[in-house]
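Contents: one structure, followed by commentary.
Only the coordinates and a few stated rules stand behind these numbers; no lab work does. Fair warning: this is a prediction, and the values are worked out from it, not measured in the lab. Cβ placement follows ideal geometry from the backbone for every residue including glycine, while neighbour counts extend to all protein chains displayed.
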Amino acid sequence: MGDSVAGNRVFTGANPFDVDPHHYDQIAAPDPGDPDWSETHFWSVWNAAAGVGLFIHVGTDTEDKELWWAQVFAYLPGNMVVADRSWGRSLDRAGPTTGNFKARCTEPLRRWRIDFDGAGELVSRAEMATRLVGAGPAVPMSFQLELTATMPVWDLYKAVEIQGTDIGKVHHEQVMTGTGVLLVGGQHGGEWSLAGCAFRDHSYGSRDVRPFGGDHLLGVYFPESRRSLQALSFWDKTGKVLFRTASIHQGDQIEVIPHMEMTGLKLNAVRPTSLRDLTGNPTSFQMMLDTNRGRVVLDGEVLHVVNISLIDKNTNVNGSAINIPGDHLLLAESQVRMTWPDGDVGYGFFERCYKKSLLLTVDK
């Protein structure tokens, strides 16, 4: 589907996109005939009261498809971050595992349990925006996290009229809530609750990010109204937007909204200009949705950021590759607050991803 407006659609039921539970709770079998095959998961949780959360991104190695990497970040108060990267092999197909990370689905289509016991480099948000991180002096870090869905699994290829992309043949997203405990040692350490709003993403299939120019990916939960808001858009390396979509889940309905705009990503934009630097500026933004009940304008605020980078055709590293030669993909993985026009407040995850050449041409 191109960057155009089409009619909104409404889906109902506990599994409106007819997602196979095995595609949700099992590691996929790699395609031995596809050298670009990969699988990735990510999970995010944010405790707004404490200003603390997690971003976890795991996937398969580019050469050994049974070897998993895990990028684990803790958002800490004072714009500090703990960053770790580990490797390992899952003993079965029940979920990704590395040496100190383990994820398991505890209820198909609805619940996950995630555990980590290890360490990571303590860095500032500003420092992470300038270099790769995760291999410096470490502080102990552990957590136990339980995630519960607030909406059904959203399926890209059933919600959006798109035949295929360079980012996999299966792509799922889901707004969730989390509970658990985070423990961090060192000067900025402590013990915090992980009760808060959460989000997950899962994709697998052939993946080559070199033609890819960037994306927006957002998942927010509004506890008072029990709304879940999800949004996704992609553009190519020239800045041409390939598609955009958003969904609102409330009660028993998901409304899929093709007319979605954001600050720096207006309809028919020549190229996106929503991110100025990897510390997350601009930290204030708006999102516009043309729903079945009329236009809704939400105010957003970035609360915390961690960075990852994709180099070559599909190599994920911690921190920023902005000063490393090559036109890498640079990602600002943010926790945000969103406010509905009626005052309803939600929290969640917002990814802004840019090819380095596109980010560095954003108007200052």
**Prompt:** So how many residues does the range 244-271 have that are part of a strand (DSSP E or B), touching a residue at least 60 places away in the same chain (Cβ under 8 Å) and among the aliphatic types (A, V, I, L, M)?
**Reply:** 3
**Message:** I'd like to know if the range 106-117 contains one or more residues that are farther than 25 Å from His22 by Cβ and charged (D, E, K, R).
**Reply:** yes
**Options Arg85, Arg89; residue that is touching a residue at least 12 places away in the same chain (Cβ under 8 Å) and either surrounded by fewer than 21 Cβ atoms within 10 Å (Cβ to Cβ) or of a type in the set (A, V, I, L, M) (or both)** = Arg89
**Asked** So which strands (runs of 3 or more DSSP E) are wholly in the range 272-333 and hold at least 3 residues that are more than 18 Å from Arg210 (Cα to Cα) and in contact with a strand residue (DSSP E or B) (Cβ under 6 Å, 6 or more places away or on another chain)?
**Response** 284-291, 294-311
**Asked** in contact (Cβ under 8 Å) with a residue 24 or more places away in the chain, in a loop (DSSP other than H, G, I, E, B) and either of a type in the set (Val, Ile, Thr) or on the phi > 0 side of the Ramachandran plot (or both), is that true of Thr40?
**Response** no
**Prompt:** So is Gly319 under 19 Å from Val72 (Cα atoms) and touching a residue at least 60 places away in the same chain (Cβ under 8 Å) or not?
**Reply:** yes
**Asked** Hey, does the range 50-66 have a residue that's in a strand (DSSP E or B), of a type in the set (Ser, Thr, Tyr), crowded, with 18+ Cβ neighbours inside 10 Å and at negative phi?
**Response** yes
**Request:** Give me a count of the residues in the range 255-271 that are aliphatic (A, V, I, L, M), over 20 Å from the mean Cα position of the chain (by Cα) and either on the phi > 0 side of the Ramachandran plot or surrounded by 18 or more Cβ atoms within 10 Å (Cβ to Cβ) (or both).
**Result:** 1
**Prompt:** If we scan the range 205-218, do we find a residue that is within 28 Å of His22 (Cβ to Cβ) and in a loop (DSSP other than H, G, I, E, B)?
**Reply:** yes
**Item:** Members of the range 178-210 that are within 30 Å of Lys237 (Cα to Cα) and either of a type in the set (S, T, N, Q) or surrounded by 17 or more Cβ atoms within 10 Å (Cβ to Cβ) (or both)
**Value:** Ala198, Phe199, Arg200, Asp201, His202, Ser203, Tyr204, Gly205, Ser206, Arg207, Val209
